[in-house]
Every structure is written in C-alpha cells, then in structure tokens.
1. Under 12 Å from the Cβ of A:GLU83, count the other residues' Cβ atoms, weight Lys and Arg +1, Asp and Glu -1, and hand me the total.
2. Are any of the pairs A:LYS167/A:LYS234; A:LYS170/A:LYS236; A:LYS170/A:LYS231 more than 19 Å apart by Cα-Cα distance, and if so, which?
3. Could you sort A:ARG218, A:ARG202 by their accessible area in this structure, using a 1.4 Å probe and putting the largest first?
4. Once you have a ≥ b ≥ c as the square roots of the Cα gyration tensor eigenvalues for the stretch A:18-94, tell me rounded if a/c is under 1.5, and otherwise prolate or oblate according to whether a/b is larger than b/c.
5. Normalising by the residue count of chain A, find the relative contact order in percent from Cα pairs under 8 Å and 6+ residues apart.
6. Would you check the accessible area of A:TYR131, probe 1.4 Å, heavy atoms only, in square angstrom rounded to 10?
7. Using a 1.4 Å probe and ignoring any ligands, DNA or RNA, find the accessible area of A:ASP142 and quote it in Å² to the nearest 10.
8. Can I get the semi-axes of chain A's equivalent ellipsoid? Compute them from the C-alpha gyration tensor as square roots of 5 times the eigenvalues, in angstrom, largest first.
Amino acid sequence: MTRSDKTAFSTSLLEWYDRHARQLPWRISPAASRAGVRPDPYRVWLSEIMLQQTTVATVTPRFAAFVQRWDGFPALAEAPLEEVLGEWAGLGYYSRARNLHACAKVVTRLHDGQLPASESALKDLPGIGPYTAAAIAAIAFDRRAVVVDGNVERIMVRQAAIERPIKEAKAAIYALAAEVVPDRRGGDYAQALMDLGATICRPRRPDCLLCPVRSSCRAHALGLEAQLPVKPPKKKRPTRRGIIYVGIGPRGCVLSETRPAKGLFGGMRGLPGSAWTEEGGDEEGAPFEADWQCAGRISHTLTHFHLELDVKWAPTEGAPAPFFWTPIAEHGAFPTLFRKAAVAALSAAGEL
DNA sequence: AAGTCGGGGAC
DNA sequence: GTCCCAGACTT
C-alpha cells in the first residue's frame with residue numbers, strides 16, 4: 001500500500017461506517033460517537049467477552065438477558081458465581097464466564113467500579129487478552145488502538161494479498177493493521193473494521209463491489225479475494241464415546257452434579273456418567289446401582305472431538321450427596337450437551 | 001508453538 | 001456434513 005492508500009483506507013472505511021453502521025445493542029451510533037458520546041464501558045466489556053469466538057446472532061439475545069439481570073460491575077461482582085455460570089449456559093467456552101465474574105470483582109474492588117481506559121491495564125484483567133484490551137480501549141474510551149481479530153486478519157491479508165497462512169504471517173498482519181489505524185475516531189474505526197469483515201469482506205463470497213476499500217485491495221486487483229486467506233490443512237476430530245446416567249425423580253427432576261471448577265464445562269451443572277474415551281464401552285460412572293434403561297444416543301461436537309453418548313435413565317427416589325435435583329424449569333442452566341441428554345431421558349421416560 | 005476450551009448460524 | 005466466528009489461557 002502506498003502512503004496515500006494508508007490514509008485513504010481509514011478515511012474511506014470511516015465514511016462507509018457513518019452510512020452503514022450496524023445497530024447493535026451494545027453500540028452507540030456513529031453520529032453520537034462523533035458528538036462526543038461514549039457507550040457504557042460495562043456493556044462494551046460484556047459484549048466483547050461474549051463475542052469471543054461467538055457470532056453476533058448468538059450473542060444478541062443473551063446480552064439483553066444478561067444486562068437486564070446485572071446492569072454493572074458492582075451488581076455482577078456481588079452475584080454468586082453459580083448464577084453467573086447459569087446465565088452463561090449454552091454460550092460455550094465457560095472459562096469466559098468464570099473470568100468475567102473474577103474481572104467484575106477486581107474492577108469493583110481494585111478499580112473503584114471503573115474499567116481502566118489504558119490497554120495495558122485492561123490486558124491485566126481476567127479474560128481480557130490482546131484483542132479485547134485493544135477493542136475496549138478503542139470502543140469504550142475512543143483510544144487509538146491496533147485491534148486485530150479474525151475479521152481484521154482477513155481484511156489485512158486481502159488488502160496486501162498475503163499468501164502465507166495467517167498463523168505464519170501474524171507479525172506482518174499486525175504491522176499492516178497498525179500502519180492504517182487513524183489518529184482519531186478509534187472506536188468508530190474499530191467497529192467499522194468489524195462491520196466490514198462481517199458484511200463485505202466475509203470469509204466466503206466477499207462482496208467487493210460494495211467494498212469501500214477495494215481500491216487499495218491487492219487481492220481484489222489480482223482476483224484472489226476468494227482464495228485468501230489460505231486455510232491451514234484441517235485436522236480431523238476423533239470420536240469419543242461414553243454413557244450419561246439420568247436419574248429421574250418427582251415431576252421430572254433430574255439428578256445433577258456440579259462439575260470440577262476447571263477444565264471442560266468447568267464449574268457448570270452437569271449429569272453423572274462414564275469417562276469419555278475413544279474406546280468407550282465403559283460401564284462405570286453410574287451414580288447408584290439400578291436397572292438403567294436405554295434412552296437412546298446423543299451426538300455432540302466439541303472443538304477437539306466428537307461425542308457419541310448413550311443415555312440411560314432410571315426412576316430415582318432421593319438425591320445422594322453430592323448430587324442434587326434439577327427441575328425441568330432449570331434446564332437452561334445446563335450446557336447444551338447435558339440439556340440434550342436430559343431431554344432424551346425424560347422423553348424416553350414419558351415425562352415430556 | 002501447540003492444545004484446550006462450546007455452540008450455533010450459514011452454507 | 002463444513003466453516004468459522006469481535007480469542008484467552010495453559011503448557
């Protein structure tokens with residue numbers, strides 16, 4: 001990119017954003033931003049954590065429910081972790097919720113309830129890494145920041161027609177992103193990049209005809225926009241198998257447990273069962289001796305493996321420690337995998 | 001540098 | 001079915 005291209009990039013992008021900005025619940029309009037208004041840092045922070053590896057469509061309703069329940073750092077800091085995890089259930093990557101709660105406590109206790117505005121102070125908070133620190137500094141506090149997420153990587157790779165895999169070109173991508181950041185309107189610029197990546201410079205079928213920065217785009221000039229970024233070879237997921245046991249009590253209550261605080265589904269409500277292994281066939285893990293009946297099999301795909309779990313159920317009288325009852329009305333507190341298993345068991349038992 | 005850590009929407 | 005998303009954290 002030439003020197004004039006660098007200026008033109010941010011100028012064109014900001015002009016486009018002024019006309020086409022998406023309206024999102026955690027955003028203020030570009031007009032308000034230009035008038036000096038800033039969004040609520042709590043909402044910016046919450047949205048950024050929720051949006052980590054999660055789509056806007058998924059986040060939008062969950063964001064609304066969350067801020068309705070806890071409207072600021074002090075309220076969230078006072079909430080029991082268990083309730084925060086329950087509100088997060090179904091969103092995945094549950095360490096985000098644990099770190100979210102820890103972060104709210106730190107902000108309330110050590111920062112007087114105010115989110116710090118500097119990128120370095122933000123990055124020291126739980127759950128806030130390089131991207132999120134830059135994004136919050138820019139969006140909530142209008143700082144100049146080099147915001148690099150998946151969208152920005154894709155945009156920069158196409159602008160410069162970088163033909164190496166993203167993983168190998170991180171430094172060059174960051175350098176280019178840093179070169180084109182404007183000195184003003186840090187928040188609008190960061191969000192403009194997100195909108196461009198989501199609606200124009202999409203992973204598949206980029207809409208170059210509508211792109212405000214196509215004149216500086218090398219990939220478009222070379223007709224390579226659909227081939228870039230080059231994808232790394234995909235590795236296949238192994239399948240692990242196991243058994244989930246659903247004890248069914250009065251009124252369709254299911255026998256539940258709290259999972260270990262860290263690791264897969266850490267701290268979340270779950271259902272007892274065998275270990276999940278590639279061999280499978282392990283009959284251990286039942287919460288008690290009973291004539292367990294088959295309720296079918298559920299499939300669930302996680303990041304690193306695919307699960308095939310046999311669901312078994314049995315009528316259950318009491319809840320032996322450390323187990324406890326989860327009524328149907330609280331199925332929303334289960335991660336999706338366990339909610340699937342509970343539904344399968346209750347269906348087989350005629351409780352649904 | 002490589003693994004761990006979920007789920008769903010879009011195709 | 002595949003892709004990939006406003007990544008962080010651990011080893």
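1. Numbers: positive: A:ARG69, A:ARG269; negative: A:GLU78, A:GLU82, A:GLU87, A:GLU330.
It works out to a net charge of -2.
2. Values: A:LYS167/A:LYS234 14 Å; A:LYS170/A:LYS236 24 Å; A:LYS170/A:LYS231 14 Å.
Pairs exceeding 19 Å: A:LYS170/A:LYS236.
3. On the way: A:ARG218 130, A:ARG202 65 Å².
Heavy-atom accessible area, descending, gives A:ARG218, A:ARG202.
4. Note, shape of the stretch A:18-94 comes out oblate.
5. The normalised contact order for chain A reaches 16 percent.
6. Probe radius 1.4 Å; accessible area of A:TYR131 about 50 Å².
7. A:ASP142 exposes around 60 Å² with every protein chain in place.
8. Working through the eigenvalues yields semi-axes of 44, 25, 16 Å.
The values are calculated or read from the model by the stated rules, or taken from the named source; none is laboratory data. For clarity, every value in this text was computed on a predicted model and none was experimentally measured. Using ideal geometry, Cβ is built from the backbone for each residue, glycine included, and neighbour counts are taken over all protein chains shown. Note: accessible area is taken over every heavy atom of the protein model, side chains too, but ligands, DNA and RNA are not part of it. Shrake-Rupley method; radii C 1.70, N 1.55, O 1.52, S 1.80 Å.
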